[in-house]
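Note sheet for the following structure.
The values are calculated or read from the model by the stated rules, or taken from the named source; none is laboratory data. Values in this document were obtained by computation on a predicted structure and should not be read as measured data. Every residue, glycine as well, gets a Cβ built from its backbone with ideal geometry; the counts of neighbours run over all protein chains shown. Please note that ligands, DNA and RNA were not included when accessible areas were found on the heavy atoms of the full protein model with its side chains. Shrake-Rupley method; radii C 1.70, N 1.55, O 1.52, S 1.80 Å.
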Amino acid sequence: MNSTFIIFIGVVAVILIAIIIAFLYIQKKSKNADVVRIQNLRKGTETKEFSSDVLYQKLYIRYVRFIFTRFYLLKIRRRLEINNGDDEFTIRMQSAKIITKALLIIIPLTILVILLTHNNILLMCIILIFELFMIDSFTDNAVTKLDNDLLLQQVDFFAQMRHAYHECNMVGEAIYQTAQETDHVEISRQAEQIFEILNSADPETGLEKYYDVAPNNYLREFAGLSYLTQEFGDRKMGESSLYLTNLENISQEMQLEILKRDKLNYVFQSLSIISIAPILMLEPLKGWATSNFTFTKTFYNGSSGLLMQIAVMVLTYVCYILVRKVRDNGSTKKIQNTQNPWQEKVYQFKPMKKLIDLLMPKRGTKDYRKLEKQMKDAGYKLKMKWFFVNKVLGAALCFIVTLAIAIGIHIMEIHFIYTDPTSNYNLISNMNANQEKKAYETTARQNEILDHFKGKRDVTEADIQAYMKTTKTYKDFQQKDIKSEATQIKEKLDKLNEQFLKVYEVLLAMLFAALGYVAPNLLLKFQTKMRQMEMEDEVMSYQTIIMMLMRIERVDVEMILEWLERYSDIFKEQISKCLNNYESGAWEALEEMKDEVTYQPFIRIIESMQTSVEQVPIKEAFEELDADREYYRDKRKETNERLIAKKGKIGKLIGFAPMIVAFVGYLIVPLVFIGMTSMMSSFDEMSTMA
């Protein structure tokens, strides 16, 4: 604890010295003639009131210069640029605000981790590395919150849009008027962008570009419907406008999505913390157990305790990643660098390139097509060669880490043999000060003998007794005591001579390397299962899109497919392939897509499109959607409820696993097993004495 305090004081002193140096540097720079002139020009124009916006702009500049924060800052920027477009001021402010909040959480947590785990360097390093994932999770959640706020703004915007459209009965004017009147900056910016596209010389090209950068599918639908209405005109559906009816459909879809996300966030709000909490509890649990039950020190300070710690850490990491995968609520996706990621830089390294090309299945083979399908089903965006880079590096990392742990365990065992207090009796309770002092003296005395015989494997107890009699330490000992300690020294010597890297440990490292190699494939399968859970929800969104398009003039099956492709995720590959083959035969292209799809509700949609290709109009082919609109809406709500309940069960099962393993495997089982063993040994000794 004293060493930690000294380190803490040293860090504070270094920070203070850095602040003083920075102050002197800034003071020197401020005396520059240009700086003085600029300061004089700014006099009278500055406000003395504190401005958080200005503060975040200044912090952004600092964060960009620091390599650690720059990585996360640029990552956040890529996602915020979708919502904010070209508004550099807002992008910088929001990015700096998210990083600042993350640092305010991570820095105190880092200090707490150092204070709790300063006696266990390995645990401290692993937890500090694990905090990097926590920062990533925090920043993702912060950006997702902004995306959810935009959805709420869209609901209000569409409500205002209805009134504006009733007044002017013109799509473009209604969008512009609502954009000017709304108090929400983000949705106003999006609406103005859509208005400019609708009034441009080539709105179709502008829309195609906007579809690529729109924050969510609902704004894409709004932009597309606004263009179709402006291009082909509005029409009446009974007493209401078709355009306003479609806006209402979009609003209802958004409200369902908002409710779904809110419920998912409520279910998962504490699971991420619960899944990582066991790592922070390992050292306190160890301290409590060893301070109250001395007989557990052998377990917690030895290799068994270290292995159990590592098992809990690995399980925690895996469960934390899986909880995040399950929690994915369909908000703004991560923006991946698919042009030149770090995997490409690794792949360009010649030995690595040769190895990857050797391991990767050849293009056109059955294995290649099978893996390619798995990647597409899981929504994996990177190339196959980059996927194999992840596999190879995962295998190498697991092999190296396993070997390092094995070597570390042997070093720990050697240290434990030389430092563990040696006693001639078993204690269920704590040793008193006198007993502990004598035990340490015995250990120090026996270490001299161990150093003499270390590395010799043919030593007997008789050899040890003979040498002990020649030393000054044991010259006054009785034969009975020498024989007793010789037995203990022989046991220690046998353990000491076994502390080297063994063949089975290398084989175990190879086994973990194999697990690290197949781990990305297992993660693909897990992601595929999670996406299949969303399949029903996506098909129901297709039904909503078709209901909006079916009554618009000049809409055909090809246009419906284009819209479905634009908003699809799970069935995107099949729809894209159908569109590519559509010109060569509409019926055949749809039939081929139907053969590739196994989900029955989507097959029924395909069959309705086939019917409308040659036989009946689209309105009649999909009339059951319009007739059973209320039924489909209620079914959508019920589907979301089932999806949330299913995800909640899976998330709780995964999230609580590390906590259960930490308490049962790291605390309860060692206490019970070692306690029973020590008690039985004590009874045996008492029986022998009797």
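If you go through segment 359-386 and keep only what is closer than 22 Å to LEU523 by Cβ, open to solvent by 100 Å² or more (accessible area, probe 1.4 Å) and not in a helix (DSSP H, G or I), you end up with LYS381, LYS383. For segment 573-584, does any single residue satisfy the condition of being closer than 23 Å to PHE387 by Cβ, at pLDDT below 85, open to solvent by 30 Å² or more (accessible area, probe 1.4 Å) and in a helix (DSSP H, G or I)? Yes, the conditions are met somewhere in segment 573-584.
For segment 151-179, the tally of residues that are open to solvent by 70 Å² or more (accessible area, probe 1.4 Å) and among the aliphatic types (A, V, I, L, M) stands at 2.
Taking segment 69-114 only, how many residues are of a type in the set (Phe, Trp, Tyr) and touching a helix residue (DSSP H, G or I) at 6+ places or on another chain (Cβ under 9 Å)? The total comes to 2. Those helices (runs of 4 or more DSSP H) of segment 470-563 in which 3 or more residues are surrounded by fewer than 17 Cβ atoms within 10 Å (Cβ to Cβ), of a type outside the set (D, E, K, R) and touching a Leu at 6+ places or on another chain (Cβ under 8 Å) occupy 503-533.
With respect to (1) closer than 30 Å to ILE129 by Cβ; (2) touching a residue at least 60 places away in the same chain (Cβ under 8 Å); (3) within 23 Å of the chain's Cα centre (by Cα); (4) open to solvent by 10 Å² or more (accessible area, probe 1.4 Å), the lone exception for GLU257 is condition (1). Evaluated against (1) in contact with a Leu (Cβ under 9 Å, 6 or more places away or on another chain); (2) more than 30 Å from LEU219 (Cα to Cα); (3) without any contact (Cβ under 8 Å) to a residue 40 or more places away in the chain, ILE91 falls short on exactly one condition, (2).
Filtering ILE61, ILE82, ILE91 for residues that are more than 22 Å from ASN141 (Cβ to Cβ) and surrounded by fewer than 21 Cβ atoms within 10 Å (Cβ to Cβ) leaves a single hit, ILE61. Among the conditions (1) touching an Asp or Glu at 6+ places or on another chain (Cβ under 9 Å); (2) closer than 30 Å to GLU131 by Cα; (3) of a type outside the set (Ser, Thr, Tyr); (4) modelled with pLDDT under 85, ARG235 misses just one, which is (2). Taking each residue of segment 205-216 that is without any contact (Cβ under 8 Å) to a residue 12 or more places away in the chain and looking for partners that are part of a helix (DSSP H, G or I) and not aromatic (Phe, Trp, Tyr) with beta-carbon atoms closer than 6 Å, six or more apart or interchain, yields GLY206/ILE197. Among all residues of segment 186-209, there is at least one that is open to solvent by less than 20 Å² (accessible area, probe 1.4 Å), part of a helix (DSSP H, G or I), closer than 12 Å to VAL171 by Cα and out of contact with any Gly (no Cβ under 8 Å at 6 or more places or on another chain). Just one residue in the set ILE356, ILE279 is modelled with pLDDT under 85 and of a type in the set (A, V, I, L, M); that residue is ILE279. Test each condition in (1) open to solvent by less than 10 Å² (accessible area, probe 1.4 Å); (2) under 19 Å from the mean Cα position of the chain (by Cα); (3) closer than 30 Å to GLY302 by Cα; (4) not aromatic (Phe, Trp, Tyr) for ALA102 and report the one that comes out false. If we test ALA102 against (1) open to solvent by less than 10 Å² (accessible area, probe 1.4 Å); (2) under 19 Å from the mean Cα position of the chain (by Cα); (3) closer than 30 Å to GLY302 by Cα; (4) not aromatic (Phe, Trp, Tyr), just (3) comes out false.
Evaluated against (1) in contact (Cβ under 8 Å) with a residue 12 or more places away in the chain; (2) open to solvent by 60 Å² or more (accessible area, probe 1.4 Å); (3) within 30 Å of PRO670 (Cβ to Cβ), ARG457 falls short on exactly one condition, (3).
Residue count for segment 105-123, restricted to those that are open to solvent by 30 Å² or more (accessible area, probe 1.4 Å) and farther than 22 Å from TYR63 by Cβ: 8. When SER251, SER275, SER270 are checked against the criterion of being polar (S, T, N, Q), open to solvent by 40 Å² or more (accessible area, probe 1.4 Å) and on the phi < 0 side of the Ramachandran plot, SER270 stands alone in meeting it. Against the definition (in contact with a Pro (Cβ under 6 Å, 6 or more places away or on another chain) and in contact (Cβ under 8 Å) with a residue 12 or more places away in the chain), how does VAL557 come out, yes or no? In short, no.
Residues checked against (1) over 24 Å from GLY287 (Cα atoms); (2) surrounded by 17 or more Cβ atoms within 10 Å (Cβ to Cβ); (3) at pLDDT 85 or above:
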| residue | (1), (2), (3) |
| --- | --- |
| PRO658 | no, yes, yes |
| LEU671 | no, no, no |
| SER682 | yes, no, no |
| MET686 | yes, no, no |
| MET689 | yes, no, no |
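Taking the numbered list (1) modelled with pLDDT under 90; (2) closer than 30 Å to LEU382 by Cβ; (3) open to solvent by 20 Å² or more (accessible area, probe 1.4 Å); (4) hydrophobic (A, V, I, L, M, F, W, C) in turn, TRP587 passes all entries but (2). Could you list, in sequence order, the residues of segment 432-472 that are more than 25 Å from PHE295 (Cα to Cα), under 56 Å from the mean Cα position of the chain (by Cα) and among the hydrophobic types (A, V, I, L, M, F, W, C)? ILE449, PHE453, VAL459, listed by residue number. Name every residue in segment 287-297 that is in contact (Cβ under 8 Å) with a residue 40 or more places away in the chain and touching a helix residue (DSSP H, G or I) at 6+ places or on another chain (Cβ under 7 Å), in order of residue number. Passing the criteria: ALA289, PHE293, PHE295, THR296, LYS297.
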